[in-house]
Amino acid sequence: MIYTSPHSNLSNILGTSPEDIDTRAQGSDRILLMAVVMLMMFGVLAVYSSIAYFAESKSTTAFRLVTGHMVKLGIAFVVMLIASKINYHTLAKFSRIGMVISLFLLVAVLMVGTEQFGAKRWLDVGGFSFQPSTVASVALILHVCVLLSEKQEYIKDFKKSFIPIMFWVTLTCALIGVQDFSTAGLLMGICLIIMFIGRVSVLQLGTLVIIAGIGGSLLLSQSEVRQSRIDEYVRQIKDIESSEILQGRGYQAQQAQIAIAKGDLMGVGIGKSSQRDFLPAPYNDFIFAIIAEEYGMIGAMALIFIFTLILIRGVVFISRNAEDTLGALLAIGCTLTIVLYGYVNAGVASGLLPVTGLPMPFVSYGGTSMLFAGLMIGILLNISKHSRERRPVFYG
């Protein structure tokens with residue numbers, strides 16, 4: 001009894017023998033799809049509960065904003081379905097073009113971008129507002145995976161492999177970091193993980209970490225807002241004095257933790273949150289706190305479990321059983337992006353991480369991030385269609 005497969009590059013990365021694999025097309029990962037639908041349902045309920053105050057400030061109604069949120073979810077779902085039908089190798093052919101367009105948009109937002117909530121991260125095109133950093137994040141992950149898969153034969157070569165990959169990573173993260181330090185830091189971390197799994201030299205990766213550390217320190221030192229967030233986080237860990245609370249220091253994190261504490265085990269009930277009137281952007285950056293308040297620890301842990309389920313399906317099943325190196329790396333990149341955004345959002349609300357402003361995919365109110373989250377899930381679903389099956393082939 002033996003197994004057959006032609007995909008030797010993937011077996012080198014994932015530690016499986018090419019004789020152990022048989023590749024065949026099949027349906028998309030239904031468990032992954034079910035997990036995403038559950039996140040969307042969580043998001044609709046949480047947004048409806050938390051957006052009332054924001055609706056009043058915009059002279060509209062919560063129902064109208066939630067309806068808009070559901071329309072955006074529907075668009076993201078359609079994008080996900082369309083992407084699941086397009087072979088990921090086809091998308092890979094446009095990775096370089098995507099990077100060039102993304103870099104152009106990142107430069108454009110520095111020059112003519114609009115400022116919202118104290119940050120210049122948005123571009124307005126024909127009345128439509130979006131964040132170029134989200135577009136660039138998806139494009140960079142796709143392009144890094146393409147480069148890694150193309151350079152596997154000489155992946156340890158500094159000039160032929162590391163330099164070209166590092167050029168795109170550092171340039172993109174630097175441009176994003178000027179606008180959104182949190183997104184740049186998380187994106188850099190994801191790229192490092194993908195490059196490590198793609199067999200890039202550890203010594204070379206160490207060099208990149210040093211460069212990223214220096215660049216991050218410079219960006220932090222040039223922004224009083226970023227420095228204050230770090231200082232507030234450190235004080236929060238050590239000790240919060242009553243005088244600091246009265247002065248409003250660390251206000252966001254304090255209100256989020258109050259919401260979580262009020263939720264206790266079972267929660268106060270759907271739509272009965274009181275902290276939504278005190279938390280800044282409870283429908284986006286701190287939506288996890290509203291979920292924890294209304295659904296309690298049980299609801300919060302259920303939400304974390306869904307993201308963990310996506311992590312398991314994406315890494316353990318889809319990536320490990322992908323038909324080639326590109327599919328494996330791309331599955332890891334898409335999965336980590338979705339899941340880490342969710343974990344970081346929950347970590348900020350819980351006080352485990354400093355305030356970042358990162359949304360929770362498919363749960364937070366938003367447009368651009370939701371659209372590209374749908375695209376990434378669609379890519380994952382397409383990769384799962386072409387998974388390897390460990391099936392015995394009998395001879396004789």
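No lab work stands behind these numbers, since they all come straight from the coordinates. Please read these numbers as outputs of a predicted model, since none were measured by experiment. We place every Cβ from the backbone using ideal geometry, glycine too, and count neighbours over all the protein chains shown.
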Practice task
Tabulate in residue order the Karplus-calculated ³J(HN,Hα) for segment 62-74, using 6.51 cos²θ - 1.76 cosθ + 1.60 with θ = phi - 60°, rounded to whole Hz; enter x for Gly and Pro.
Solution key: 4, 4, 5, 5, 5, 4, x, 5, 5, 5, 5, 4, x
Handout entry: Cα-projected label distance for Lys93 with Val71, points at 7 Å along beta-carbon direction, nm
Key = 3.5
Practice task
For an R0 of 22 angstrom, estimate the FRET efficiency from the Cβ-Cβ distance between Val125 and Phe167 and round to the nearest 0.05.
Solution key: 0.20
Fill in the blank from the handout: Site Ile298, offset 7 angstrom along Cα→Cβ, radius 18 Å on amide nitrogen, limited to segment 256-275, gives 260-273
Exercise for the section: List the pair-distance distribution P(r) of segment 292-353, using every Cα-Cα distance, as the percent of pairs falling in each 5 Å bin from 0 up to the bin containing the longest distance, rounded to whole percents. Expected result: 4, 19, 22, 19, 14, 10, 7, 4, 1
Fill in the blank from the handout: Simple SL model, points at 7 angstrom along Cα→Cβ for Phe317 and Ile193; separation in nm is 1.9
Completion exercise
Whole-percent tail of the Cα-Cα distance distribution for segment 256-396, cut at 27 Å, equals 32
Fill in the blank from the handout: Cβ density ranking, 10 Å radius, fewest first, applied to Met266, Met38 yields Met266, Met38
Completion exercise
Along segment 136-142, Karplus-curve 3J(HN,Hα) (6.51, -1.76, 1.60; θ = phi - 60°) to the nearest Hz, with x for Gly and Pro, reads 5, 4, 5, 4, 5, 4, 4
